[in-house]
Amino acid sequence: MGLRGWLLFAALVAAGWWYSPLSPRIPAPAAPAAGVAIDCPPPPRVVRGGAPLQSPVPASLAAFRLEAAELRPLAGFSIDARVLSREDYLAGRESELSPTDLALGWDRMREAPVLERLDISQSRRWYHYRWQGEPPLPPAEIARSSANMHMIPADRAVAAALARIGEGDRVRIDGWLVEAVAPDGWRWRSSTSRDDTGGGACELVYVCAITPE
């Protein structure tokens, strides 16, 4: 094997290790704006096993000022869910804020007999599922009890915890649904409903804490 062949082989091995579940990669949290100390106070917490809890934003909570964009809180958000799929992103403007998407399921979308009959995948910031024959749940319930969520880790500790989360894990996530607004006018807004589907239906979560359950 020539030098070019060895270099290509090394690059493929490195890429495989980076995207392997065993890789120690830690997604970098978005940097705070210059001179700004970022605090991420957790919202009210969901009861274990309950549906996602969305709560009002207190008047005292200001926007989170990051270097890439200002995050304007839309609602408190706490969820106890099963990870249906995980996808990491390195390219695209969104990755400056959110390096990882988690497809999450709750209620009956946590149950193994249901998930065994679904083919689940993620790509281009979307979450996809399909089945053969009869669906394991009514399609409206599948849509209402699962979602693709864009994770914005608040700090390196949260980023490290996020890096350890994989498909099949049960996790609790506490944070804020936000709208990201950049200085040039670019916007990225979270859904605030669990009933919507299609474009704009994903949650954009500024994650204060993520822990296995």
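Here the range 91-165 is treated as a sphere whose radius is the Kirkwood value from Cα pairs; by Stokes-Einstein at 4 °C and 1.567 mPa s it diffuses with a coefficient of 94 µm²/s.
Modelled label positions at A160 and L90, each set 7 Å beyond Cα in the direction of Cβ, lie 2.3 nm from each other. Amide hydrogen proximity for R194: with H placed 1.01 Å from N in the peptide plane, no residue at 5 or more positions away or on another chain lies under 5 Å.
At a 10 Å Cβ-Cβ cut-off, how would you order Y206, Y89, fewest neighbours first? Let's see the in-between values first.
Details: Y206 27, Y89 17.
Ascending number of Cβ neighbours within 10 Å: Y89, Y206.
Residues in the range 165-175 carry Karplus couplings, in order, of 8, x, 4, x, 6, 9, 9, 10, 10, 10, x Hz; the curve used is 6.51 cos²θ - 1.76 cosθ + 1.60 with θ = phi - 60°, and Gly or Pro positions show x. Taken along the Cα-to-beta-carbon direction at a fixed 7 Å, the label points for R117 and R45 span 3.5 nm.
For A68, nonlocal amide neighbours, meaning residues 5 or more places apart or on other chains whose placed amide H falls under 5 Å from its own, are A31. Phi angles of the range 148-155 translate, via the Karplus equation with coefficients 6.51, -1.76, 1.60 and θ = phi - 60°, into HN-Hα couplings of 8, 10, 8, 8, 10, x, 6, 7 Hz per residue; Gly and Pro are given as x. Can you give the FRET efficiency to the nearest 0.05 for T211 and A31, using r as the Cβ-Cβ distance and R₀ = 22 Å? Computed FRET efficiency for T211 and A31: 0.40.
Read-outs: derived from the displayed coordinates by stated rules, not from any lab. Since the structure is predicted, the reported quantities are computational estimates derived from the model, not experimental observations. Every residue, glycine as well, gets a Cβ built from its backbone with ideal geometry; the counts of neighbours run over all protein chains shown.
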